[in-house]
Amino acid sequence: MSIRPLRQEEFEASLTLSEYAFQYKVAGEDRVQSEKKFKPERVWALFEEDVLQAKLTLLPLEAYIQGKAVPMGGIAGVATWPEHRRQGNVAKLLTNTLKVMYEQGQELSFLHPFLIPFYRKFGWEVYCEYKKYTLPTAKFPPKTDITGTVRRDAAPLETLQELYDAYAVQYNGTLKRDEEWWKERVLDDSMHHCVFYTPEGAAQGYALYKIEKQELVIDEWVTLNEQARQAIWTFFANHDSMVTGARLLMVPSDDMLPYMLPDPRITQEIHPYFMARIVNAPAFIGRLELNGREGLEPKNIALTDRYAPWNDGVWQWTVSPQGESSFVKLPQGTDTDLACDIGTLTAMLFGYKRPNDMSSYGKLEGDREALEWLEQLLPKAKTALFDFF
């Protein structure tokens, strides 16, 4: 058994496995283009006697945490031939990939799970949710008189990028996008966009949408203030002769649209979305800005991480009055104040769950004083992700 990156000449073997596992077909010119875009060094595969048995793609990405971009390994396209499943192949690939990410300096890893319990075993944990709304035109927000202009299908990519960045940094776990990502993963030929501009010409928000079967399908909605939100809703309300309603597909979990509606009884769905895991605990914790204060004593935390043994063990967590952290490994057997696994720590540090809540449900152990220490230490935050891979 060997694990290594693919080679260019193994494109067909890789694509054939993906087609079988994910039940799709790439033919003709699309297949030619896929081969041109193929980056074999990003695809890690497990071979038995030179036969491809399982693979995954490791994407070199960055995610916003506290408004700053953090190196992140995105795992995608995990696939195994059915005759080679339940033999531990994916476990071997994930373990190898964690080591690769650690060596490459990727402090975090994200993935979209086919089965959440499966990836929880390896240390990934759900870190964000999104909402979906469905509402008829009669329940749209009221049209308003806006000072400014909404322009359709006219903004350059740079404008969308600037607005997205200004919005995305408000959340932990959003993706830092580059031009290639926008063109390959976000925009397509069937998608429209609209942008709100102030009278002074400053862009303040956008929406990406399609019109399908007399319905507005809104893929992404980014507004920096209430004026932009009302302006774009008024723009959509002016489609009332063309559409019967709207679906908003990827709405952050903290969104307040229903509360703002005259009649908030619309269809709402909440979906757990991506999973995250800390790959390098001391490096990631060392970059966080925490709620430091004078006289804050260090605490010892027992961290369990079976698949990334460099994280596993007892750590002394020290925080300066300015909120700067150090996370130093201590000898095994040292007395501890807190204890959790890597997934629980990830959820708390992202701001998805609070320490007191994790303690109440048995995910975090510690005495009352230590739990309160951690509760006050971690700033409140909100999480989101608007992308898929």
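The values are calculated or read from the model by the stated rules, or taken from the named source; none is laboratory data. On a predicted model such as this, the values are computed, not experimentally measured, just so you know. When we count neighbours, we look across all protein chains shown, and the Cβ atoms used for this are built from the backbone with ideal geometry, even at glycine. Surface accessibility is based on the protein's heavy atoms, side chains included, excluding ligands, DNA and RNA. Shrake-Rupley method; radii C 1.70, N 1.55, O 1.52, S 1.80 Å.
Of note:
- Measuring r between the beta carbons of Lys382 and Thr198 and using R0 = 30 Å, the FRET efficiency lands at 0.70.
- Taking each residue as 0.36 nm, the span from Lys213 to Ser360 lengthens on full extension beyond its C-alpha to C-alpha distance by 48.2 nm.
- Modelled spin labels at Asn291 and Ser241, positioned 7 Å past Cα toward Cβ, are 5.4 nm from each other.
- The accessible area of Ser360, taken with all protein chains in place and a 1.4 Å probe, comes to roughly 90 Å².
- Close amide H partners of Cys194, meaning residues 5 or more places away or on another chain with modelled amide H under 5 Å apart, are Asp153, Ala207.
- About its Cα centre, the chain has a charge dipole of approximately 560 debye under the convention of +1 per Lys or Arg Cβ and -1 per Asp or Glu Cβ, with nothing else charged.
- Furthest towards positive pole of dipole, Asn96, Gln8, Val43, structure part region 1-114, Cβ charges: Asn96
- Computed on region 1-83, the Cα convex hull volume stands at 122 Å³ per residue.
- Think of a 1.4 Å ball rolled over the protein heavy atoms: the chain then has 48 Å² of accessible area per residue.
- For Arg293, the residues whose amide H sits under 5 Å from its own are Gly323, ignoring neighbours fewer than 5 places away on the same chain, with H placed 1.01 Å from N.
- Among the protein heavy atoms of region 73-139, carbon and sulfur supply 53% of the accessible surface, probe 1.4 Å, non-protein parts ignored.
- Taking 13 Å as the cut-off, the amide N atoms of region 181-211 that come nearer than this to a point 7 Å along the Cα-to-beta-carbon line of Asp153 belong to 188-194, 209-211.
- Sparsely packed loop sites in region 1-61 (the trypsin sites (Lys or Arg not before Pro) outside DSSP H, G, I, E and B with at most 12 other Cβ atoms within 10 Å) comprise Lys25.
- The eigenvalues of the Cα gyration tensor, multiplied by 5 and square-rooted, give the chain an equivalent ellipsoid with semi-axes of 38, 31, 18 Å from largest to smallest.
- Karplus-derived 3J(HN,Hα), 6.51/-1.76/1.60, for each residue of region 229-238, Hz, glycine and proline x: 4, 5, 5, 6, 5, 5, 4, 5, 5, 6
- Distant alpha-carbon pairs in region 282-389 (separation over 24 angstrom), percent: 20
- Remark on Leu59: its backbone amide H falls under 5 Å from those of Gly74, Ile75, Ala76, a criterion applied only to residues 5 or more positions apart or on other chains, H modelled at 1.01 Å from N.
- Using θ = phi - 60° and Karplus 6.51 cos²θ - 1.76 cosθ + 1.60, couplings along region 116-124 (whole Hz; Gly, Pro as x): 4, x, 4, 7, 4, 4, 9, x, 7
- Too-long pairs where the Cα-Cα distance tops 22 Å, listed order kept, from Lys99/Lys363; Lys92/Lys121; Lys176/Lys382; Lys329/Lys382; Lys55/Lys92: Lys99/Lys363; Lys329/Lys382
- Qualifying chymotrypsin sites (Phe, Trp or Tyr not before Pro) in region 314-388, DSSP loop, other Cβ atoms within 10 Å at most 10: Tyr361
- Rounded percent of accessible protein surface that carbon and sulfur make up, region 281-389, 1.4 Å probe: 47
- Loop-resident sites, region 251-325, for GluC sites (Glu not before Pro), counting at most 15 other Cβ within 10 Å (DSSP): Glu289, Glu294, Glu324
- In the context of the full protein assembly, His193 retains an accessible surface of approximately 30 Å², using a probe radius of 1.4 Å and ignoring ligands and nucleic acids.
- Here the ratio of the Cα radius of gyration of region 257-335 to 2.2 N^0.38 Å is 1.69.
- Distance-filtered residues of region 48-83 - backbone nitrogen under 19 Å, label point 7 angstrom along Glu184 Cα→Cβ: 55-64, 71-79
- If a spin label sat at a point 7 angstrom from the Cα of Ala138 along the line to its beta carbon, the backbone N atoms of region 219-256 nearer than 18 Å would be those of 237-247.
- Percent accessible area from carbon and sulfur atoms, region 183-250, protein chains only, probe 1.4 Å: 46
- Binned Cα-Cα distances of region 35-158, short to long, each 10 Å bin given as a whole percent: 10, 29, 25, 16, 13, 5, 1
- Dipole size of region 194-345 about its Cα centre, with +1 on Lys/Arg Cβ and -1 on Asp/Glu Cβ: approximately 260 debye, rounded to the nearest 20.
- Residue by residue, region 261-273 carries 3J(HN,Hα) couplings of 7, x, 10, x, 7, 10, 6, 10, 10, 10, 10, x, 10 Hz when phi is fed to the Karplus relation 6.51 cos²θ - 1.76 cosθ + 1.60 (θ = phi - 60°); x denotes Gly or Pro.
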